[in-house]
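Since the structure comes first, as structure tokens, the remarks are kept for the end.
The values are calculated or read from the model by the stated rules, or taken from the named source; none is laboratory data. Just so it is clear, the model here is predicted, and its values are computed rather than measured. Neighbour counts are summed over all protein chains in view; Cβ atoms, including those assigned to glycine, are modelled from backbone coordinates with ideal geometry.
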């Protein structure tokens, strides 16, 4: 079928030209730097081949412990995020659209709030004079403050809090596509609630669970904010070692070797995922989830998973039968019994996700000179410090400008690529999709190292242009995925009707196609802006210390001085993100009412 927006000029291969700018951009600024990282790891300082860096890495018990600690934190984070996010994603998939839109704000706001801001919030929550210790002391449950910060538990709490919204948003599309009639039919045939869940619903939702686990694990593996600000000397992660080797020791070769180990671990996980489900699952295209690569492996894994789910269904079904016999016949339906429990669990998760960020707001108005809870007095002095200090105000303006330029460039490259990927029979579609998704499934710290090495050779280091190009790498996948989602719901018959009535293709695109897709494009632009506004990994390596972005300025302040200015800066960052989210939800709600 010919495209309704852009007329077909020949075979489907013509669509490859629409994606060519994005492909060239990613090859130059993503693939080539990653290859350079691999080369760095197997070279010495003279450029000769050597494996001494890896020998140094694995011969040291300290480095091995850091590697194992990184994997342990990433694995535990994935488990806890799935356990906490699954009921929330399920609730969002079954409630009415209006309720879903209201609840999504509590997921999207933390999701689009800087990782750094949330880590600062947890410093306030977990410190000796923080919220949790103050609450426990006031209730008489403890006699002295608990040591919650600079511990493994603190790192795990901060990392899980950062990743739970991602897990929810990865599982939600899969759950929303599950036909509710299947569960009702099973219940009609006599299946108990536990059996329906374990034998029907859980297997159907497995692609979302695995996708969430993959993204959370990969992101956690390269996550360094929580371990740096909330952890101790025993909680160091591999990303912190990479930063140390570049910023303090300036040993690019050993940093390259560390990056190679992190890259290999990530690629193993991605390869297994691609063989079982396919990377297209990450874009919400579940129809091709197990289609392409590794179909046999996918069937084996699915068969094993089904057998485990059936066994669990039998066990929990038997427990449910025994429970009903104890309680007697006067019982409500399984759905009625579980709904209050579901809402209670989800309310707890929502509180865990959203509360820390909102605690920063009252602290930003404190009259005290240090971060503490409860805030003492009322003062605007810390906002005055923020806006009158050149370092803070310039960093804010720089981040906004870089974010807008990044979003514009990402839209320019991403929308044509999304059109190419939306075609059903485009040659090399899976390869193009994999290329676009690399920044999503790779730890950002590796890409930061590669860009640092590339920019130092071509003169883009510590320049605004280099910063925009680096941020665009991470913003581009979100533009492509969001635009593809909008294109899947687009009805091409509207264009055909317009042509029948005599409209030109350009007029059809301007008057029909564009208005119908503008919400998706606006969301894509917003995603790209927020991704750039929050980005820290590339900024640490690429941005000039004399001209930092707001996240880098916040990072430096959090490392060396914990003052209420951090709370004021964090509150401003939250507001910058919250305003467009709330406005977009209001816009969607008004549009729904008009219909």
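Remarks
- Any chance residue 405 is part of a helix (DSSP H, G or I), touching a residue at least 40 places away in the same chain (Cβ under 8 Å) and either surrounded by fewer than 19 Cβ atoms within 10 Å (Cβ to Cβ) or more than 22 Å from the chain's Cα centre (by Cα) (or both): no
- Selected residue [out of contact with any strand residue (DSSP E or B) (no Cβ under 6 Å at 6 or more places or on another chain) and outside any helix (DSSP H, G or I)] from 470, 502, 520: 502
- Among the conditions (1) at pLDDT 90 or above; (2) under 27 Å from residue 552 (Cα atoms); (3) in contact with a helix residue (DSSP H, G or I) (Cβ under 9 Å, 6 or more places away or on another chain), the only one that residue 388 does not satisfy is (3).
- Checklist (1) over 24 Å from residue 549 (Cβ atoms); (2) surrounded by fewer than 23 Cβ atoms within 10 Å (Cβ to Cβ); (3) touching a residue at least 60 places away in the same chain (Cβ under 8 Å) applied to residue 491, failing item: (3)
- Residues that are closer than 10 Å to residue 216 by Cα and crowded, with 21+ Cβ neighbours inside 10 Å, drawn from segment 53-82: 74, 77, 78, 81, 82
Residue-by-condition table, conditions (1) surrounded by fewer than 19 Cβ atoms within 10 Å (Cβ to Cβ); (2) under 21 Å from the mean Cα position of the chain (by Cα); (3) modelled with pLDDT of 90 or more:
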site	(1), (2), (3)
418	no, yes, no
421	no, no, no
428	yes, no, no
444	no, yes, no
466	no, no, yes
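- Remark: pairs (first residue in segment 338-358, in contact (Cβ under 8 Å) with a residue 24 or more places away in the chain and on the phi < 0 side of the Ramachandran plot; second residue surrounded by 17 or more Cβ atoms within 10 Å (Cβ to Cβ) and outside any helix (DSSP H, G or I); Cβ separation under 9 Å; 6+ apart in sequence or on different chains) = 357/113.
- Residue 149 surrounded by 17 or more Cβ atoms within 10 Å (Cβ to Cβ) and within 19 Å of residue 574 (Cβ to Cβ): no
- Residues that are in contact with a helix residue (DSSP H, G or I) (Cβ under 8 Å, 6 or more places away or on another chain) and more than 23 Å from residue 421 (Cβ to Cβ) were ranked within segment 494-517; the one that is surrounded by the most Cβ atoms within 10 Å (Cβ to Cβ) is 498.
- Residue within segment 49-72 that is in contact with a strand residue (DSSP E or B) (Cβ under 7 Å, 6 or more places away or on another chain) and either at pLDDT 90 or above or over 26 Å from residue 437 (Cβ atoms) (or both) present: yes
- Some residue of segment 443-457 being touching a residue at least 60 places away in the same chain (Cβ under 8 Å), out of contact with any strand residue (DSSP E or B) (no Cβ under 7 Å at 6 or more places or on another chain) and outside any helix (DSSP H, G or I): yes
- Counting only helices (runs of 4 or more DSSP H) that fall entirely inside segment 48-132 and contain at least 2 residues that are touching a residue at least 60 places away in the same chain (Cβ under 8 Å) and over 30 Å from residue 257 (Cα atoms), the qualifying elements are 61-94, 97-111, 115-126.
- Subset of segment 1-37 (residues that are surrounded by 12 or more Cβ atoms within 10 Å (Cβ to Cβ), part of a loop (DSSP other than H, G, I, E, B) and at pLDDT 50 or above): 12
- Residue match in segment 529-544 (condition: over 23 Å from the mean Cα position of the chain (by Cα), surrounded by fewer than 21 Cβ atoms within 10 Å (Cβ to Cβ) and free of Cβ contacts under 8 Å to residues at least 40 places away in the same chain): no
- Of all residues in segment 344-386, those satisfying the criterion of being exposed (fewer than 13 other Cβ atoms within 10 Å of the Cβ) and assigned to a helix (DSSP H, G or I) are 344, 351, 384.
- Residue 186 passes every criterion in (1) buried (at least 19 other Cβ atoms within 10 Å of the Cβ); (2) more than 21 Å from the chain's Cα centre (by Cα) apart from (1).
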